[in-house]
Structure formats: structure tokens, C-alpha cells
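Student: Starting off with a structure, shown below.
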Amino acid sequence: MKINVERMRYKNDSLSFTLCMFALVADIVQFMIIYSNSYLTDITGKSGFSFYIIGIDIVVNILFMLFAFYVGEELKTYHMKWAVAPVLMGALQIFRMFDFPKKMMEAGYITDKQYTICAICLLISAVCMFIAAVNSFVKCSLLNKLLKSETAKK
């Protein structure tokens, strides 16, 4: 893939932003699968679930969605320091795959099929974040190199 570095000064990085939005959508699908479950009101106090655990998972989902949008906006404008954030967010999504949805499946509150869909959504979300990070890092490096060479010529 040929990257026109000169053009990057005037054009936003839409690929990284789009990948962050895909990650956000995948997280929303996973969130809807788990919390549209009719058993959710019955699990509090049983099988190690409490309002706190459910609340923490909801807060983590909301924060992930907010940060995915914010990081996408920052990556769009080639901020190098934000290129590491999608890696951390992708790692969080991989961790989450084996945390709350798996416990819900093991307790019998979601089916194996629902868990599989949740795990696939979280994996898609993580992969999108990892690709956005690599894309942003490469493009930021190329743009910074061009800008330094132009500054050195002056």
C-alpha cells in the first residue's frame, strides 16, 4: 500500500477512526446481548454476582465506548502519543472476553451461543483496535519524518 505522505498533512486518518468506530459497534452488540437477557434481575446475589459486579461491567462498557470514540478522534488527527491507547483498549477487550460473559455463561444465565457471539464481538473489537494502533503509528511516523526533513531544510 502506497501512502502519500505529503497529502497526509491536509487529510485526516479516516481508517483509524473507522476502525475505532467498528470496535465501538462490536462492543455495543456484545453489551446488548448480555444486558437484554431477561435473567439479569434474577442473578443478583446468586453465583457470585452482585449489583457491584454488574455495575462495574456496565461502567467499563460505557467507558470503553467513550474512550473508543475519543481515541478515534485523536488518531484521526495523527497524534502519535495516542497510538498506544488502542493497544491497551484491545488488550482490555481480550481480557473482558474471559471475564464477565464467561461467568454469565458458566452460571447458566446466557447460552453457549450467546457467549460465543459475545466473545466474537469482543475479539473483533480488539482486532480493530490493534489494527487502528498499527495504522496510526505507521502514518504518524511517516508524517513526523516528513515534517522533520522539511524543518531541517529551512
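Student: Count the net charge of all other residues whose Cβ sits under 13 Å from the Cβ of Tyr115, scoring Lys and Arg as +1 and Asp and Glu as -1. Present the calculation step by step, with values, prior to reporting the outcome.
Tutor: On the way: positive: Arg96, Lys102, Lys103, Lys113; negative: Asp99, Glu106, Asp112.
Local net charge: +1.
Student: While we're looking at this one, here's another question. With θ taken as phi - 60° and the coefficients 6.51, -1.76 and 1.60, list the Karplus ³J(HN,Hα) couplings across region 29-35 in order, rounded to whole Hz; mark glycine and proline as x.
Tutor: Taking θ as phi minus 60°, the curve returns 4, 4, 4, 5, 5, 6, 8 Hz for region 29-35.
Student: Cut-off 13 Å, label point 7 angstrom out along Cα-to-Cβ of Asn12: give me the residues of region 68-89 whose amide nitrogen falls inside.
Tutor: Hits in region 68-89 for Asn12 at 13 Å: 69-79.
Student: Continuing with this model, one more query. Listed here are the pairs Lys11/Lys145; Lys76/Lys102; Lys81/Lys103; Lys76/Lys145; Lys81/Lys153; Lys81/Lys102; which of them are more than 24 Å apart at the Cα? The partial results should precede the final answer.
Tutor: Numbers: Lys11/Lys145 17 Å; Lys76/Lys102 34 Å; Lys81/Lys103 35 Å; Lys76/Lys145 18 Å; Lys81/Lys153 26 Å; Lys81/Lys102 33 Å.
Distance filter (> 24 Å) returns Lys76/Lys102; Lys81/Lys103; Lys81/Lys153; Lys81/Lys102.
Student: At R0 = 25 Å, how high is the FRET efficiency between Met80 and Val59 if r is their beta carbon distance? Nearest 0.05 is fine.
Tutor: Working: r = 29 Å, r/R0 = 1.17.
So the FRET efficiency works out to roughly 0.30.
Student: If we count every other residue with Cβ under 11 angstrom of Phe67's Cβ, Lys/Arg +1 and Asp/Glu -1, where does the sum land? Provide the component values of the computation, followed by the final result.
Tutor: Values: positive: none; negative: Asp27, Glu73, Glu74.
Surrounding charge for Phe67 is -3.
Student: Could you calculate the FRET efficiency of Phe69 with Ser36 from 1/(1 + (r/R0)^6), where r is the beta carbon distance between them and R0 is 30 Å, rounded to 0.05? Present the calculation step by step, with values, prior to reporting the outcome.
Tutor: Values: r = 22 Å, r/R0 = 0.74.
Efficiency, from the Cβ-Cβ distance: 0.85.
Student: So, one more: If packing is taken as the average count of other Cβ atoms within 10 Å, what order do 13-22, 128-137 fall into, highest mean first? Provide the component values of the computation, followed by the final result.
Tutor: Values: 13-22: 20.3, 128-137: 23.1.
Packing order, densest peptide first, comes out as 128-137, 13-22.
Student: In square nanometres, what is one fourth of the surface area of the convex hull spanned by the alpha carbons of region 18-146?
Tutor: Details: hull surface 29.2 nm².
Average projection, Cα convex hull of region 18-146: 7.3 nm².
Student: So, one more: Quick check for you: which residues of region 73-103 have the amide N under 17 Å from the point 7 Å beyond the Cα of Leu123 toward its beta carbon?
Tutor: Residues 90-103 fall inside that zone.
Each value in this text was obtained by applying a stated rule to the coordinates, not by laboratory testing. All of these numbers come straight from a predicted model, not from anything done at the bench. Every residue, glycine among them, receives a Cβ derived from its backbone with ideal geometry; neighbour counts consider all protein chains shown.
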